[in-house]
Amino acid sequence: MERIKKLYVLHKEAVYRYFLRMTGNGEEAGELTQETFYQACLSIYRFKKTASLKTWLFSIARNVYLKNLRQKGAHKMLPWGQEEFPDGVDMHIREGSLPDQALILKEDKERIRKALLCLSENDRTIIILKEYEQLSYEEIAGVFGQSVNWARVTFFRAKKRLKQFYEESESGK
């Protein structure tokens with residue numbers, strides 16, 4: 001049980017951020033975070049040291065998210081009715097920046113968030129894990145049960161799609 005407590009303290013914020021970015025809903029993100037650690041408690045004895053605890057935990061988190069979507073009967077991998085992420089999600093604007101620069105930065109981040117919501121669950125997860133949570137390609141491959149090469153190629157393609165959605169939102173399409 002001490003192992004789970006340590007795991008929780010080390011990774012609860014990262015798992016919560018992952019769910020918040022995936023769902024856009026703080027309450028749902030909290031519930032999914034709790035479910036993830038509950039599932040980790042139930043299956044800690046099956047943990048194989050072939051992957052890191054962090055990779056194993058994000059694998060559980062992803063499975064919890066996918067199960068939640070199935071239970072809701074979601075046919076698309078997008079948060080229903082969610083136009084934008086709630087306040088406080090990656091909205092850190094540098095202190096001392098000029099007001100118009102801060103506004104431009106905030107608008108850019110908002111476009112990125114909206115573009116993320118247009119991506120498939122796989123693409124969104126890979127971008128969130130790589131760019132926001134700083135997981136390595138090896139760790140991402142472990143989360144998905146795929147090769148490192150698959151993780152690199154999929155990340156590259158996901159970034160390309162994200163850029164496309166971003167540019168479309170910028171041009172007002």
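Every number here is computed from the coordinates shown, using simple stated rules; none is lab data. Given the structure is predicted, the values throughout are model-derived calculations rather than measurements. When we count neighbours, we look across all protein chains shown, and the Cβ atoms used for this are built from the backbone with ideal geometry, even at glycine.
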Taking the Cα centre of segment 1-75 as the origin and placing charges on Cβ (Lys, Arg +1; Asp, Glu -1), which of 41, 16, 51 is farthest toward the positive end of the dipole? 51
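Taking neighbour Cβ counts within 10 Å as the exposure measure, how do 47, 19 sort from fewest upward?
On the way: 47 15, 19 24.
Fewest-to-most Cβ neighbours within 10 Å comes out as 47, 19.
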Return the long-range amide H neighbours of residue 25 (sequence gap of 5 or more, or a different chain), with a cut-off of under 5 Å between placed amide H atoms. none
Residue-by-residue Karplus 3J(HN,Hα) for segment 46-51, coefficients 6.51, -1.76, 1.60, Hz, glycine and proline x: 8, 4, 9, 6, 6, 10
Work out from phi, with θ = phi - 60° and the Karplus expression 6.51 cos²θ - 1.76 cosθ + 1.60, the ³J(HN,Hα) of each residue of segment 153-159, listed in order in whole Hz, and give x for Gly and Pro. 5, 5, 4, 4, 5, 5, 4
Between residue 146 and residue 118, what's the calculated FRET efficiency when r is the beta-carbon distance and R0 is 22 Å? Round to 0.05. 0.45
Rounded to whole Hz and in sequence order, give me ³J(HN,Hα) for segment 6-19 from the Karplus expression 6.51 cos²θ - 1.76 cosθ + 1.60, θ = phi - 60°, writing x for Gly and Pro. 5, 4, 4, 4, 6, 10, 4, 5, 5, 5, 4, 4, 4, 5
